[in-house]
Amino acid sequence: MTTPSAPTPAPLEDAHLATRRITRLSVGVAVVLIALKAFALGASGSVSILATLADSVLDLVASLATFFAVRWAAAPPDEDHRYGHGKGEALAALVQAGLVFASAVFIGWEGIQRIFDPRPVGSGGWATGVVIASIAITAWLVWMQTRALKKTGSLAVAGDRAHYAADLAANLVVLIGVVSGAFLGAPGLDAAAGLVVAVWLFWGATGMLKAAADHLLDRAVPEGDRAAVTQAVLADPRISGVHQLRTRMAGQVMMIQMHVDLDPELTLDAAHAIVVEAETRVLSHYPAADILIHADPRGRALPHGGVYAETPADKPPAETLTASRPKGPWS
């Protein structure tokens with residue numbers, strides 16, 4: 001059986017614990033960076049420092065949104081949210097993307113103004129030291145977030161890491177700008193560095209927006225994961241086909257539903273046992289999954305299922321499904 005392409009997630013409770021820890025750390029780091037950069041801005045007046053300070057303030061807002069979102073997303077299903085609250089993570093990612101877009105516009109505008117009206121950068125030593133410290137702290141946070149993501153696959157944490165990773169690269173550009181403005185007498189380079197930061201942030205926000213939109217619009221999980229799910233189900237020769245496979249993510253939970261073809265002469269009890277075994281095999285690869293499998297009597301099932309019900313023309317012949325078993329086909 002083919003192993004899934006994505007790393008196997010940790011059990012859901014462990015994943016939720018890891019996301020809560022890393023979001024607390026993210027908020028703490030943002031507060032420290034704001035304090036350091038505010039001091040450096042007061043000492044230097046650098047537009048590059050202003051750019052990275054504004055970004056850190058928005059980082060704090062975004063990290064607070066993530067902090068609360070992952071806790072809400074971890075709440076169990078209730079009467080009004082039968083699929084759980086996992087999409088709260090995608091909403092947090094949307095907030096992050098919007099804030100980063102706003103930061104990019106602000107920093108870009110300030111950089112353009114400083115290009116036409118250059119201002120000297122003072123206290124270069126302090127400013128340089130603060131930027132280097134910011135780079136070290138941010139790099140450590142990104143490393144910790146990467147470790148957490150391997151356990152959780154959290155969209156909210158991924159969004160938080162994406163913009164801190166962008167901050168890391170942006171701080172390197174800021175370092176160039178501060179050094180150029182303070183020690184080389186070229187304040188125009190400082191302003192140009194601010195513009196580079198703005199473009200970088202805009203690019204990162206675009207990626208975050210796409211990921212959040214895919215999540216909210218129920219984009220299917222990657223092809224490799226769908227293939228792994230199908231092959232796990234078809235590992236039992238009593239299941240002759242899989243069709244109407246639908247997958248989506250709700251936070252860290254993979255929602256999976258499908259129809260399977262079984263011998264029409266099986267008793268209800270026997271068919272149920274086969275389906276439960278298939279669910280168990282899928283869960284061995286994806287512990288954080290919610291699975292719904294509908295059993296169809298092979299060759300006798302009429303189209304059913306509502307608005308998106310499968311029609312006879314949609315369903316490939318049984319012999320095609322059987323022949324394709326090693327690939328894990330679905331319709």
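Miscellaneous remarks
- Ordered by the count of other Cβ atoms within 10 Å of each Cβ, fewest first, Leu53, Leu216 give Leu216, Leu53.
- Per-residue Cβ neighbour rank within 10 angstrom, fewest leading, Asp296, Asp78: Asp78, Asp296
- Order of Leu36, Leu292 under a 10 Å beta carbon neighbour criterion, fewest first: Leu292, Leu36
FYI, it's all coordinate maths here, none of it is from the lab. The model shown is predicted, which means the values in this text are computed figures rather than measured ones. Positions of Cβ are backbone-derived with ideal geometry, glycine not excepted, and every protein chain shown enters the neighbour counts.
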